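Asks: Pasting a structure here, questions to come.
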Amino acid sequence: MVSPAALALVLVLSAPAWVAAYLETADTSGGRLNGFVQRPREGNLQGVLITLDGILRGKPWPGRVARMTFDPGRLAPQLLVARTGQEIEFANHSQRLHTVRALELGETLFHVALPLGFGPVKKSFESPGLIEVRCELHDWEEAWIAVLDHPYFVITD
């Protein structure tokens, strides 16, 4: 399980601050970054999002579905990365009623119920940011969505 402190840590390698729409290209001239994220005297951290800032063009986004599920006793994954504007499915796979509350900087973006047997709720976020997701009925069920406008990221393992 990833600790909240590790989830809150986001390393950004900076580039120009101006923003433009990301353009997918067939560019193959990319590079590679290797390393570790460590907390002094405690070793390597798992579940840390590392992303580049200011990327305007490059590789295409992976063609995967973005999905968060309420499994018995937990919300998974603990950290999900989604593209700006991408639909994210929230599904209930447990035997309980759950709610999905999405917050950005403490402000509620939406709050919906997910009763058992109800189809997935689909939502999207139109601008980059870090979104907290929680169930108001079960306070231990909490996760994060990093909404990015480019696919240059990794979550440490």
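The values are calculated or read from the model by the stated rules, or taken from the named source; none is laboratory data. Just so it is clear, the model here is predicted, and its values are computed rather than measured. Don't worry about glycine lacking a Cβ; one is built from the backbone with ideal geometry, like all the others, and counts go over all protein chains shown. Keep in mind that these areas ignore ligands, DNA and RNA; they rest on the heavy atoms of the full protein, side chains included. Shrake-Rupley method; radii C 1.70, N 1.55, O 1.52, S 1.80 Å.
Asks: Among what's in the range 131-149 and is among the aliphatic types (A, V, I, L, M) and assigned to a strand (DSSP E or B), pick the residue that is farthest from E104 (Cα to Cα).
Replies: Of everything passing the filter in the range 131-149, L148 is farthest from E104 (Cα to Cα).
Asks: Quickly run through the range 83-101 and pick out the residues that are under 19 Å from W144 (Cβ atoms) and assigned to a loop (DSSP other than H, G, I, E, B).
Replies: T84, G85, Q86, E87
Asks: Here is a further query. Collect the residues in the range 66-82 that are part of a loop (DSSP other than H, G, I, E, B) and at pLDDT 90 or above, keeping them in residue-number order.
Replies: P77, Q78
Asks: Okay, moving on. If you scan the range 131-157, which residues turn out to be touching a Phe, Trp or Tyr at 6+ places or on another chain (Cβ under 8 Å) and under 25 Å from A21 (Cβ atoms)?
Replies: Result: I131, I145, A146, V147, D149, H150, P151.
Asks: Suppose we filter G63, G58 for residues that are closer than 27 Å to S29 by Cα, open to solvent by less than 40 Å² (accessible area, probe 1.4 Å) and not aliphatic (A, V, I, L, M); which single one remains?
Replies: Only one candidate passes the filter, namely G58.
Asks: Is there any pair linking a residue in the range 73-88 that is without any contact (Cβ under 8 Å) to a residue 60 or more places away in the chain to one that is open to solvent by 40 Å² or more (accessible area, probe 1.4 Å) and among the acidic types (D, E), with Cβ under 7 Å and at least six apart or on different chains, and which?
Replies: If the second residue must be open to solvent by 40 Å² or more (accessible area, probe 1.4 Å) and among the acidic types (D, E), the pairs left are G85/E126.
Asks: Can you tell me how many residues within the range 82-100 are within 13 Å of T69 (Cα to Cα) and within 17 Å of the chain's Cα centre (by Cα)? Outline the logic, then answer.
Replies: Quick first cut of the range 82-100, residues within 13 Å of T69 (Cα to Cα) only: 88-100.
Narrowing the set further to residues that are within 17 Å of the chain's Cα centre (by Cα) leaves 88-91, 100.
Total meeting the criteria: 5.
Asks: Any residue at all in the range 110-130 that's within 25 Å of Q46 (Cβ to Cβ) and part of a strand (DSSP E or B)?
Replies: Yes, there is a match, as at least one residue in the range 110-130 is within 25 Å of Q46 (Cβ to Cβ) and part of a strand (DSSP E or B).
Asks: Additional query: Starting from residues that are at pLDDT 85 or above and part of a loop (DSSP other than H, G, I, E, B), keep the ones in the range 9-30 and report whichever is surrounded by the fewest Cβ atoms within 10 Å (Cβ to Cβ).
Replies: The qualifying residue surrounded by the fewest Cβ atoms within 10 Å (Cβ to Cβ) is T25.
Asks: To continue, here is another question. Among what's in the range 31-55 and is open to solvent by less than 70 Å² (accessible area, probe 1.4 Å) and free of Cβ contacts under 8 Å to residues at least 40 places away in the same chain, pick the residue that is farthest from the chain's Cα centre (by Cα). Spell out the reasoning first.
Replies: Taking the range 31-55 as the starting set, the residues that turn out to be open to solvent by less than 70 Å² (accessible area, probe 1.4 Å) are 35, 37, 43, 45, 47-55.
Then drop every residue that is not free of Cβ contacts under 8 Å to residues at least 40 places away in the same chain, which leaves 35, 43.
On the way: G35: 21, G43: 24 Å.
Filtering the range 31-55 for residues that are open to solvent by less than 70 Å² (accessible area, probe 1.4 Å) and free of Cβ contacts under 8 Å to residues at least 40 places away in the same chain, the one farthest from the chain's Cα centre (by Cα) comes out as G43.
Asks: From the list T84, T108, T99, pick out the single residue that is under 29 Å from Y22 (Cβ atoms) and open to solvent by less than 50 Å² (accessible area, probe 1.4 Å).
Replies: Working: T108 fails: open to solvent by less than 50 Å² (accessible area, probe 1.4 Å); T99 fails: under 29 Å from Y22 (Cβ atoms).
Every option except T84 fails the conditions.
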